[in-house]
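The values are calculated or read from the model by the stated rules, or taken from the named source; none is laboratory data. The structure presented is a predicted model; accordingly, all values stated were derived computationally and were not measured. Here the Cβ positions follow ideal geometry from the backbone for every residue, glycine too, while neighbour counts run over all protein chains shown.
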Amino acid sequence: MKPGRALLPLLLLAAVVACTGRTDLTGKWVVEKALPRPAGPDGETPEGPPGGGPLMDAVIALQQDGTNLTGALGTHMFDRPISDGTVKGDTFSFVLKMEIGTQKMEIPFSGKAMDDKIELTVQPPGDMPPMTVLLRRATDEEVLARAGTVPERIEPPEIQPLPDNGLARTPPMGWNSWNCFHLDITDAMIREIADAMVESGMRDAGYVYLNIDDGWQGERDEDGVLHPNERFPDMKALADHVHEKGLKLGIYTSPGHRTCGNKEGSYGHEEQDARMFAEWGIDYIKYDWCGAFRIYENHEMQAVYQKMGAILQALDRPIVYSLCQYGMEDVWKWGPDAGGNLWRTTGDIGNSWESMEQIGFDQEPLGEWARPGHWNDPDMLEVGNGGMTHTEDRTHMSLWTLLAAPLLAGNDLRDMSPETLETLTNPEVIAINQDPLGRQARRVAQDGELEVWAKPLEDGRVAAGLFNRGEEAAPVTARWSELELGGIVQVRDAWARKDVGAFPDGFTAEVEPHGVALVVLKGR
């Protein structure tokens, strides 16, 4: 995203590999426009990601040989071949196979050729509705403008472990612009979010990083200096404003020549950009692989991320370093050596129960790699973005809390419900996440869709999540023997912020569908 963030629309694009008995589609194609989605049985048009954005920048090279189709999707981020392409009359189908970190996807496409254009439909993974685009042939100029050229390769440094920078002793907490606003961000919006973080009480609850994601960049001048776009007239003044609010400012860039949103990356200007960020007063950098796909091999990630890590450590300013590369190459094993304070373990999270559930409950094997200063990052919070119920939002928050994951809100803080604010700011829930021991929870029991996760705390207590991933309410039991607790154990409900009682063998809670009971346990 984030190949995650750009992927779905980009995948869409692979649609070009169409073929028909009447029209030879060999050549290069681009998306002309996204077509309206058909209404469902209830007469309503299903919601989903809009067309445009990175989708419009892709180019597809196709080769038709009778009823067989081959080809590739090229973007500013990567090139991917298509598979299983077949043609029957004026209709066709093919598959785009993708790997993002540990996630493997096969995206099916189907379409119809119409004279010199193609109507293509893609079925994205998960619960997202189908999307349809109209393709047309591309000129040579469009191919160059859309996919861009790959710059001359700069060899990455030799791998040499970096020291701990002493930052992020507990998981970072703050806000990031991407999940809610994508590329549509402005100086005025960031200032309003800063005000909202203070006025809502989120800053005082621990959310101190205000992170500007992709979309702030303009162009480089003749001296290589990267200027913000017209929506960000003065980054230094913006940072000063954020700091005056008692907050810290984060920013986004890429080791590639282009970002996920096809903006200017830091490739070849790493030190120049880092020094500029420090002069502005930046406190946190998110470094997103994106355009580096077209320059480096995945196995070179550690060296590439180490390059920026060493530059940041040489600056006279403490800057938290976030590695965003979707869990590829087992980043949790080398992220600290590259100077990272946190690293993405997965592709992009979506605004749905299905996405959150798949990502969150798959994190358990990575627990041994989480510790103070170095955190597994299953991506930002979707709490308050409307894709989940209040119960599901609370489960999301509980699971990220137990995982010792960074808590980076992604909703519009200027307009959130009391329930969302309470979910994000409950002090006893946050205390579990911010516990100085820095241990990640592990799954200690599972019975079908019922699970118990436990996280040891510094003072000897244990935080436990009793999860119901099913569709009906059910009792979930945490047994002291499974949590390595003995005797009478005091139980406190973290969400209700009250003691429940003392129990000799275990604790059972009736948990609603997709819900959780989050408790803190203290043995006598």
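Test each condition in (1) buried (at least 24 other Cβ atoms within 10 Å of the Cβ); (2) touching a His at 6+ places or on another chain (Cβ under 7 Å) for T391 and report the one that comes out false.
If we test T391 against (1) buried (at least 24 other Cβ atoms within 10 Å of the Cβ); (2) touching a His at 6+ places or on another chain (Cβ under 7 Å), just (1) comes out false.
If you take the residues of the stretch 431-456 that are touching a helix residue (DSSP H, G or I) at 6+ places or on another chain (Cβ under 7 Å) and surrounded by fewer than 20 Cβ atoms within 10 Å (Cβ to Cβ), which of them is nearest to E510 (Cα to Cα)?
R443
Yes/no matrix, rows are residues, columns are (1) small (G, A, S); (2) touching a residue at least 12 places away in the same chain (Cβ under 8 Å):
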residue	(1), (2)
Y209	no, yes
D221	no, no
A239	yes, yes
H269	no, yes
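If we scan the stretch 409-419, do we find a residue that is part of a helix (DSSP H, G or I), more than 18 Å from P172 (Cα to Cα) and of a type outside the set (F, W, Y)?
Within the stretch 409-419 (the criterion being part of a helix (DSSP H, G or I), more than 18 Å from P172 (Cα to Cα) and of a type outside the set (F, W, Y)), the answer is yes, since at least one residue qualifies.
Only one of (1) touching a Leu at 6+ places or on another chain (Cβ under 8 Å); (2) within 27 Å of Q358 (Cβ to Cβ) is not met by G523, so which one is it?
(2)
In the stretch 152-180, which residues are under 21 Å from I285 (Cβ atoms), at pLDDT below 95 and surrounded by fewer than 19 Cβ atoms within 10 Å (Cβ to Cβ)?
Within the stretch 152-180, no residue meets the criteria.
Taking W334, is it at pLDDT 95 or above, buried (at least 24 other Cβ atoms within 10 Å of the Cβ) and in the same structural domain as R275 (by TED's automatic domain parsing)?
Spelling it out, it is not the case that W334 is at pLDDT 95 or above, buried (at least 24 other Cβ atoms within 10 Å of the Cβ) and in the same structural domain as R275 (by TED's automatic domain parsing).
With respect to Y287, determine if the residue is in a strand (DSSP E or B), surrounded by 23 or more Cβ atoms within 10 Å (Cβ to Cβ), in contact with a Ser or Thr (Cβ under 9 Å, 6 or more places away or on another chain) and of a type outside the set (S, T, N, Q).
Taking the combined requirement at face value, the residue satisfies it.
Within the stretch 489-524, how many residues turn out to be surrounded by fewer than 18 Cβ atoms within 10 Å (Cβ to Cβ), of a type in the set (A, V, I, L, M) and touching a strand residue (DSSP E or B) at 6+ places or on another chain (Cβ under 7 Å)?
Here the count works out to 2.
Output the residue which, of all residues in the stretch 224-264 that are assigned to a loop (DSSP other than H, G, I, E, B) and out of contact with any helix residue (DSSP H, G or I) (no Cβ under 9 Å at 6 or more places or on another chain), is farthest from G74 (Cα to Cα).
Among those residues, the one meeting the criterion is E230.
Between G367, G384, which is at pLDDT 95 or above, in a helix (DSSP H, G or I) and not acidic (D, E)?
That would be G367, the only listed residue that is at pLDDT 95 or above, in a helix (DSSP H, G or I) and not acidic (D, E).
So, T401, is that one of a type in the set (S, T, N, Q) and buried (at least 18 other Cβ atoms within 10 Å of the Cβ) or not?
So T401 fits the description; yes.
Only residues that are in a loop (DSSP other than H, G, I, E, B) and either within 35 Å of the chain's Cα centre (by Cα) or assigned by TED's automatic domain parsing to the domain that holds W400 (or both): list them for the stretch 472-523, please.
Of everything in the stretch 472-523, those that are in a loop (DSSP other than H, G, I, E, B) and either within 35 Å of the chain's Cα centre (by Cα) or assigned by TED's automatic domain parsing to the domain that holds W400 (or both) turn out to be E472, A473, E482, L483, E484, A494, W495, A496, R497, E512, P513, H514.
Residues that are at positive phi and among the small types (G, A, S): does the stretch 354-369 have at least one?
no
Identify all residues within the stretch 441-491 that are of a type in the set (A, V, I, L, M, F, W, C), in contact with a Gly (Cβ under 6 Å, 6 or more places away or on another chain) and closer than 14 Å to F361 by Cα; write none if there are none.
W453
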